[in-house]
Amino acid sequence: MAAWYRHSADGTLSLLVHAQPGAKRTQVAGLHGEALRIRVAAPALENRANETLAAYIAKRLGVARGAVTLASGERSRAKRFEVRGACVDPELLLEDAQD
């Protein structure tokens with residue numbers, strides 16, 4: 001298992017994300033230390049980048065947007081998202097990584 005995600009006993013998936021707001025499009029860009037680096041096509045203003053990240057994670061992991069919550073890092077590039085009910089292996093997020 002990679003350091004950037006963990007499964008809890010209750011089935012919740014915890015993802016460590018390093019956000020890069022202001023990109024041309026939202027996409028996984030590999031790893032940044034022990035976090036998944038995601039470029040975000042939204043500015044870091046008025047919570048837009050966080051909302052875009054949560055929607056992207058939900059879509060890629062096949063869950064409803066409401067199943068993804070920002071647990072920490074609201075005003076930081078280092079974030080932790082909690083995902084309930086994810087059936088997709090989080091390693092698949094790295095398959096589309098664009099460097």
Along the principal axes of its C-alpha atoms, what lengths does the chain span, in descending order and rounded to whole Å?
34, 27, 21
So what is the relative contact order of the chain, in percent, for Cα pairs below 8 Å that sit 6 or more residues apart?
29
Once both label points are put 7 Å beyond Cα along the C-beta direction, the Ala44-Arg84 separation in nm becomes 2.9
Ordered by residue, what ³J(HN,Hα) values in Hz, to whole numbers, does segment 71-83 give under the Karplus form 6.51 cos²θ - 1.76 cosθ + 1.60, where θ = phi - 60° and Gly and Pro are x?
8, 7, x, 3, 10, 10, 6, 7, 10, 10, 10, 10, 10
Using a simple charge model, +1 on the beta-carbon of Lys and Arg, -1 on the beta-carbon of Asp and Glu, nothing else, what dipole does the chain show about its Cα centre, in debye to the nearest 20?
340
Based on the mean of other Cβ atoms within 10 Å per residue, sort peptides 68-80, 32-44 so the most packed one is first.
32-44, 68-80
When the charge dipole of the chain is computed with +1 on Lys and Arg Cβ and -1 on Asp and Glu Cβ about the Cα centre, the Cα farthest towards its positive end, among Ala29, His7, Leu93, belongs to Ala29
Taking 0.36 nm per residue of separation and subtracting the Cα-Cα distance, what length does fully extending Glu91 through Asp10 add?
27.2 nm
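A short reminder: the numbers here are calculations on the coordinates, not readings from a lab. Please read all numbers here as calculations on a predicted model, not as lab measurements. Every residue, glycine among them, receives a Cβ derived from its backbone with ideal geometry; neighbour counts consider all protein chains shown.
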